[in-house]
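Worksheet: one structure, shown below.
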Amino acid sequence: MHKLKLIQAIHEHGVVAVMRGDNWQQVVEMSVEAITGGIKVIEVTMTVPHALKAIEALRERYSSTATEPEHYAIIGVGTVLDPETARMAILAGAEFVVGPSLNPATVQLCNRYRVPIMPGVMTIQDIQTALELGVDVVKLFPGNMYGPRTIKDIKGPLPYANIMPTGGVNVVNLGEWIKAGAFAVGIGSDLIADALETGDYTHVRRKAEQYMAEFAKYR
């Protein structure tokens, strides 16, 4: 039941912040700013040095079962290439797993432990295979290779597919993706670029507020 509640919560919050950085402390600070700005779903990528430390630190502070709003957030892991990495991240506290591609062994492991898994897909065949493996949400990646109308095209033959575009989603086109039927959207560089360039992480909070205000218009 917890898995289903997590999937529903990700859908309701609608915006997933994909966090990358030079070190895990930086990612924690930016994640806190994003959460303060209203984005309640955080994906810490495994490309971050010592990414598991960031997940552990964030899970000490936030939980999807917290009753106090200031302590509520869903913390997951991204850029997961194999089941070994997925298991380590789950043990560190990750509540969902995202991959850049469809790895059946990783899906199997996540299903075993009842953890939401969102593998990256590019084709109808990828999505069909993911559904057959028991995947609830697929990540259309990279999203900037497609466009919002792609979701309608996919849902023609596969109307039950839950699709989360990631890559190329920004404040300007977010509404188009949501109107097209996106389950949620993943955002990365547009959210954190100014903070990484200036060292002022409050940029992330202000950008997060813009994203959530735009999302509220369409959901």
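The set of residues in region 86-131 being open to solvent by 30 Å² or more (accessible area, probe 1.4 Å), touching a strand residue (DSSP E or B) at 6+ places or on another chain (Cβ under 8 Å) and small (Gly, Ala, Ser) consists of SER101 alone.
Residues of region 179-219 that are aromatic (Phe, Trp, Tyr) and surrounded by 18 or more Cβ atoms within 10 Å (Cβ to Cβ): PHE183, TYR201, TYR211, PHE215. For PRO83, the conditions (1) in contact with a strand residue (DSSP E or B) (Cβ under 9 Å, 6 or more places away or on another chain); (2) farther than 19 Å from MET19 by Cα are fulfilled apart from (1).
This table checks each residue for (1) touching an Asp or Glu at 6+ places or on another chain (Cβ under 8 Å); (2) of a type in the set (A, V, I, L, M, F, W, C); (3) surrounded by 14 or more Cβ atoms within 10 Å (Cβ to Cβ).
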residue: ILE35; (1), (2), (3): no, yes, yes
residue: GLY38; (1), (2), (3): yes, no, yes
residue: VAL41; (1), (2), (3): no, yes, yes
residue: TYR62; (1), (2), (3): no, no, yes
residue: THR67; (1), (2), (3): no, no, no
residue: HIS71; (1), (2), (3): no, no, no
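One residue is enough: does region 21-32 have a residue meeting the conditions hydroxyl-bearing (Ser, Thr, Tyr), in contact with a strand residue (DSSP E or B) (Cβ under 6 Å, 6 or more places away or on another chain), open to solvent by less than 40 Å² (accessible area, probe 1.4 Å) and closer than 24 Å to ALA193 by Cα? Walk me through it before giving the result.
The initial filter retains those residues of region 21-32 that are hydroxyl-bearing (Ser, Thr, Tyr), namely 31.
Restricting the remaining residues to those that are in contact with a strand residue (DSSP E or B) (Cβ under 6 Å, 6 or more places away or on another chain) gives 31.
Cutting the leftovers down to open to solvent by less than 40 Å² (accessible area, probe 1.4 Å) gives us 31.
From what's left, closer than 24 Å to ALA193 by Cα: 31.
Yes: one or more hits.
Only one of GLU56, GLU33, GLU60, GLU43 is part of a helix (DSSP H, G or I) and either within 19 Å of GLU209 (Cβ to Cβ) or under 16 Å from the mean Cα position of the chain (by Cα) (or both); which? When all the criteria are applied, what remains is GLU33. Would you call ILE117 β-branched (Val, Ile, Thr) and either out of contact with any Gly (no Cβ under 7 Å at 6 or more places or on another chain) or more than 22 Å from VAL15 (Cβ to Cβ) (or both)? Criteria met by ILE117.
The values are calculated or read from the model by the stated rules, or taken from the named source; none is laboratory data. Not measured: the values here are computed from a predicted model. Glycine also receives a Cβ, built like all others from the backbone with ideal geometry; neighbour counts cover every protein chain displayed. All accessible areas refer to the heavy atoms of the entire protein, side chains included, with ligands and DNA or RNA removed. Shrake-Rupley method; radii C 1.70, N 1.55, O 1.52, S 1.80 Å.
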